[in-house]
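> Structure incoming, see below.
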Amino acid sequence: MNTKQIYLLPICLLCLSNVFGQIKGTIAEEGRALLTKTTFIIEGKENAKFTFDIAVERNGTVSGIKLNAANSTSNSTPLMMEARKVVSGLRFEEGTHFPKFHHGSVIITMVKPAE
């Protein structure tokens, strides 16, 4: 291994762990790739975490989104809707070998900007 590979490997592993750390369930377990580039962090009026249970169709679109209130830290509807917009825009790898509705959960972190 040369020095470029030695430095590149931990960076790649860190990026992958960040993405798969925000997506859980059979989607992540079966390695379905996320095609949308996102950090899963958005700015909002308060610091909060929203967990959504999702269903992804074979064509890669998110077809079902439900707030998992037990694993979320805010009950503000306007803030939840902002986070939900991010989830509804996610696109996953297509494939007929995936279930008709592939289930998982997505965690969106909302951060209040410094004033």
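> Report yes if some residue within the range 104-115 is more than 18 Å from residue 32 (Cα to Cα) and of a type in the set (Ser, Thr, Tyr); otherwise report no.
Yes.
> If you go through the range 89-110, how many residues are at pLDDT 95 or above and surrounded by fewer than 13 Cβ atoms within 10 Å (Cβ to Cβ)?
Residues that pass the stated criteria total 1.
> So for the range 26-41 (the condition being touching a residue at least 60 places away in the same chain (Cβ under 8 Å), under 26 Å from residue 113 (Cβ atoms) and not polar (S, T, N, Q)), does at least one residue qualify?
The answer is yes; a qualifying residue exists.
> Going through the range 5-49 one residue at a time, which ones are in a helix (DSSP H, G or I), modelled with pLDDT of 50 or more and over 16 Å from residue 84 (Cα atoms)? Steps first, answer last, please.
First, the residues of the range 5-49 that are in a helix (DSSP H, G or I): 5-22, 26-29.
From what is left, the residues that are modelled with pLDDT of 50 or more are 21-22, 26-29.
Across the range 5-49, the qualifying residues are 21, 26, 27, 28, 29.
> Kindly indicate whether residue 47 is exposed (fewer than 13 other Cβ atoms within 10 Å of the Cβ) and touching a Ser or Thr at 6+ places or on another chain (Cβ under 9 Å).
Yes: the conditions hold for residue 47.
> Criterion first (within 12 Å of the chain's Cα centre (by Cα) and at pLDDT 95 or above) does residue 73 satisfy it?
So residue 73 fails the test.
> Do you know which residues across the range 60-87 are under 14 Å from residue 103 (Cα atoms) and not in a strand (DSSP E or B)?
Residues satisfying the conditions are 60, 68, 87.
A quick yes/no check of all residues on (1) more than 17 Å from residue 31 (Cα to Cα); (2) not β-branched (Val, Ile, Thr):
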site: 51; (1), (2): yes, no
site: 55; (1), (2): no, yes
site: 58; (1), (2): no, yes
site: 82; (1), (2): yes, yes
site: 86; (1), (2): yes, no
site: 90; (1), (2): no, yes
site: 98; (1), (2): no, yes
site: 106; (1), (2): no, no
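The values are calculated or read from the model by the stated rules, or taken from the named source; none is laboratory data. What you are looking at is a predicted structure, and each value in this text was computed from that prediction instead of being measured. Reconstructed Cβ throughout: ideal geometry from the backbone, glycine too, with neighbour counts over all protein chains shown.
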